[in-house]
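Asks: Below you will find the structure I want to go over with you.
The values are calculated or read from the model by the stated rules, or taken from the named source; none is laboratory data. Quantities reported herein were computed from a predicted structural model and do not represent experimental measurements. Please note: Cβ atoms are built from the backbone with ideal geometry, for glycine as well, and neighbour counts cover all protein chains shown. Ligands, DNA and RNA are stripped out before the accessible areas are found, and what is left, the full protein with its side chains, is counted by its heavy atoms. Shrake-Rupley method; radii C 1.70, N 1.55, O 1.52, S 1.80 Å.
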Amino acid sequence: MKNTCFVLLVIFPIFLFSQHMEYSVTSYLEAGNKAPNTHYIGEAWLNSLLRADETFNYNITKAMFKANSTLDWHKHSSPQVLIIVEGEGYYQERGKDPIRMKEGDVIRCEKETEHWHSSSKEKDVTYLAIYGGTEPTTWTEVLSQEYYDNVAHRLK
């Protein structure tokens, strides 16, 4: 009898209240939507995993670029972190040499730093981009196919 009263008075109310919370679940495994071909060369898919709001002051976007695809030069009003989860690509900040980024790399880009990133010439790349706020990306200059091809040749 003691056990029954304990369950009814203590345990049962916990189950009643704890099971009514709703969860917001997304999956980074989903490809996302094909990006409009506005500020890049090639093919890209974007999956918005988390949007900044009153609780979270950052965004997380999964981006997948097919081989031989690149973004234009751009900058963000907050720092950006790129976590390479699959494949290989290139990354360059204005005034610095480009690098080859590969699976497992974590790249930090300071706010207002002009940069570009892409897949490699040979392989697709998938990365998670973490960045703050609600300000849109500022696109600064078109990255030409010729420039991209020269970087790809140098980083072989």
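Asks: When the residues of the range 87-101 are narrowed to those that are among the small types (Gly, Ala, Ser) and part of a strand (DSSP E or B), which ends up surrounded by the most Cβ atoms within 10 Å (Cβ to Cβ)?
Replies: So the first thing to find is which residues in the range 87-101 are among the small types (Gly, Ala, Ser), and the list is 87, 89, 95.
Filter again for part of a strand (DSSP E or B), leaving 87, 89.
Numbers: Gly87: 20, Gly89: 29.
Going through the qualifying residues, I end up with Gly89.
Asks: Determine whether the range 128-138 contains at least one residue that is within 20 Å of Glu43 (Cα to Cα), in contact (Cβ under 8 Å) with a residue 24 or more places away in the chain, aromatic (Phe, Trp, Tyr) and open to solvent by less than 100 Å² (accessible area, probe 1.4 Å).
Replies: For the range 128-138, residues within 20 Å of Glu43 (Cα to Cα), in contact (Cβ under 8 Å) with a residue 24 or more places away in the chain, aromatic (Phe, Trp, Tyr) and open to solvent by less than 100 Å² (accessible area, probe 1.4 Å): absent.
Asks: Go through (1) in a loop (DSSP other than H, G, I, E, B); (2) open to solvent by less than 60 Å² (accessible area, probe 1.4 Å); (3) hydrophobic (A, V, I, L, M, F, W, C) and name the single condition Ile84 misses.
Replies: (1)
Asks: I'd like to verify a number: residues in the range 101-123 that are in contact with an Asp or Glu (Cβ under 6 Å, 6 or more places away or on another chain) and closer than 19 Å to Lys156 by Cα, how many? Talk me through it step by step, then tell me what you get.
Replies: Residues of the range 101-123 that are in contact with an Asp or Glu (Cβ under 6 Å, 6 or more places away or on another chain), as a first pass: 102-103, 113, 115, 120, 123.
Filter again for closer than 19 Å to Lys156 by Cα, leaving 102-103, 120, 123.
Matching residues across the range 101-123 total 4.
Asks: Could you tell me whether Ser78 is of a type outside the set (A, V, I, L, M), in contact with a Gly (Cβ under 8 Å, 6 or more places away or on another chain), open to solvent by less than 40 Å² (accessible area, probe 1.4 Å) and over 21 Å from Ala31 (Cα atoms)? Step through it out loud before you land on a result.
Replies: Details: of a type outside the set (A, V, I, L, M): yes; in contact with a Gly (Cβ under 8 Å, 6 or more places away or on another chain): yes; open to solvent by less than 40 Å² (accessible area, probe 1.4 Å): yes; over 21 Å from Ala31 (Cα atoms): yes.
Considered against the rule, which asks whether it is of a type outside the set (A, V, I, L, M), in contact with a Gly (Cβ under 8 Å, 6 or more places away or on another chain), open to solvent by less than 40 Å² (accessible area, probe 1.4 Å) and over 21 Å from Ala31 (Cα atoms), Ser78 comes out as yes.
Asks: Among the numbered criteria (1) among the β-branched types (Val, Ile, Thr); (2) touching a His at 6+ places or on another chain (Cβ under 8 Å); (3) closer than 20 Å to Met64 by Cα, which one does Thr140 miss?
Replies: The one condition Thr140 does not meet is (3).
Asks: Sticking with this one: So Val142 ticks every box in (1) open to solvent by less than 60 Å² (accessible area, probe 1.4 Å); (2) modelled with pLDDT of 95 or more; (3) under 18 Å from Ala35 (Cβ atoms) but one. Which box is left unticked?
Replies: (1)
Asks: Picking from Thr55, Thr134, Thr113, which residue would you name as being in a loop (DSSP other than H, G, I, E, B), in contact with a Lys or Arg (Cβ under 7 Å, 6 or more places away or on another chain) and on the phi < 0 side of the Ramachandran plot?
Replies: On the way: Thr55 fails: in contact with a Lys or Arg (Cβ under 7 Å, 6 or more places away or on another chain); Thr134 fails: in contact with a Lys or Arg (Cβ under 7 Å, 6 or more places away or on another chain).
Of the residues listed, the single one that is in a loop (DSSP other than H, G, I, E, B), in contact with a Lys or Arg (Cβ under 7 Å, 6 or more places away or on another chain) and on the phi < 0 side of the Ramachandran plot is Thr113.
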